[in-house]
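Structure first, commentary second.
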Amino acid sequence: MKILTLDVGGTNIKAKIEGPEDRRKFPSGTHITPEIMVSGVQEMVSDWEFDVISIGFPGIIKGGKIINEPANLGNGWAGFDFEKTFGKPVKLMNDAAMQALGSYQGSGVLLFLGLGTGLGSAVVVDGTVLPMELAHLSYRSGTFEDYVGFRGMEKYGKEEWQQHVFAVVERFKAAFLPDDIVLGGGKSKYLTEVPQGCRLGNNKLAYEGGFRLWT
């Protein structure tokens, strides 16, 4: 069984299949509907052979369906039937959860925090993924996302933003008692230090998470 993994983002739609093939991508944005995404993917990977598809999506997934419209994409995602449109079996997972699964090293409790436009979050316990929505919980005079997401970096500057990242990590460490903490997402590269007990993630591990969904 050959697996195609798609990583749906507000900047790019990225794709990879198992094996040595390179990753491919095409630009995303607020004009991208699920129909446009599917058409673009089919054209982009027309020379690849695959049997099933994993999709990492920046939203809430329940019962194998998207239940909310994303902020950085077009409309029509909630409830969209990807299996019917692609004509192949599809598994959907929150994008942070998929990268968390790909980052997992085999045992214990992993806490994944995705520092990006907002704050992605997931916990993996003994190989089972629990997607979470910690971003909009209250923190100081706003939410966690307001301080450690992109808006927080722009508002407070990188130095103070990093201080908030350290503070947020400590709060979640106390709450979840993780054995391993991964800081991923596009903004993690701006950290000049990594909090104790943490390691930096790699966006490429989202593909590994997509492959593990079928194993």
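The values are calculated or read from the model by the stated rules, or taken from the named source; none is laboratory data. Bear in mind the structure is a predicted one, so any value in this text is a computation, not a measurement. Because the Cβ atoms are built from the backbone with ideal geometry, glycine has one as well, and the counts that use them run over all protein chains shown. Heads up: the accessible areas ignore ligands, DNA and RNA and are worked out on the full protein's heavy atoms, side chains in. Shrake-Rupley method; radii C 1.70, N 1.55, O 1.52, S 1.80 Å.
When peptides 55-62, 193-200 are ranked by their average number of other Cβ atoms within 10 Å per residue, the highest-first order is 55-62, 193-200.
The phi-based Karplus calculation (6.51 cos²θ - 1.76 cosθ + 1.60; θ = phi - 60°) puts the 3J(HN,Hα) values of the stretch 120-125 at x, 7, 6, 10, 10, 10 Hz, whole numbers, x for Gly and Pro. Working note: Karplus 6.51/-1.76/1.60 with θ = phi - 60° gives the stretch 71-82 the couplings 6, 10, 10, x, 9, x, 7, 4, x, 4, 8, 6 Hz, where Gly and Pro are set to x. Compactness check for the chain: Cα Rg over 2.2 N^0.38 Å is 1.00.
Compactness check for the stretch 1-88: Cα Rg over 2.2 N^0.38 Å is 1.03.
Grouping the Cα pair distances of the stretch 40-96 into 10 Å bins from zero gives a pair-distance distribution of 22, 53, 24, 1 percent in increasing distance order.
The base-10 log of I(q)/I(0) for the stretch 149-215, evaluated at q = 0.17, 0.21 Å⁻¹, reads -0.70, -0.94 [Debye formula, identical scatterers on Cα atoms, solvent excluded].
Taking the 1.4 Å solvent-accessible surface of the chain as the whole, the part contributed by carbon and sulfur is 49%. Would you mind checking the pairs K62/K187; K14/K91; K25/K204; K65/K88 and listing those with alpha carbons more than 19 angstrom apart? Among K62/K187; K14/K91; K25/K204; K65/K88, the Cα-Cα distance tops 19 Å for K62/K187. Solvent-accessible surface of the stretch 81-168, averaged per residue with a 1.4 angstrom probe and all protein chains in place: 45 square angstrom. Each of the peptides 167-180, 201-214 was scored by the mean count of other Cβ atoms within 10 Å over its residues; in descending order, highest first, they stand as 201-214, 167-180. Extension gain, L137 to K204, is 21.3 nm, computed as 0.36 nm per intervening residue step minus the present C-alpha separation.
Applying both filters, DSSP loop and at most 16 other Cβ atoms within 10 Å, to the GluC sites (Glu not before Pro) of the stretch 6-56 gives E18, E21, E49. Shown in residue order for the stretch 169-180 are the 3J(HN,Hα) couplings computed by the Karplus curve 6.51 cos²θ - 1.76 cosθ + 1.60 at θ = phi - 60°: 4, 4, 5, 6, 4, 5, 7, 9, 6, x, 8, 8 Hz (x for Gly and Pro).
When the helices of the chain are scored as -39500 (n - 2.57) per DSSP H run of n ≥ 4 and the total is divided over every residue, the value at 222 nm lands at -9000 deg cm²/dmol. Given their separation in residues at 0.36 nm each and the Cα-Cα distance between them, E43 and T215 gain 59.2 nm when the chain is fully extended.
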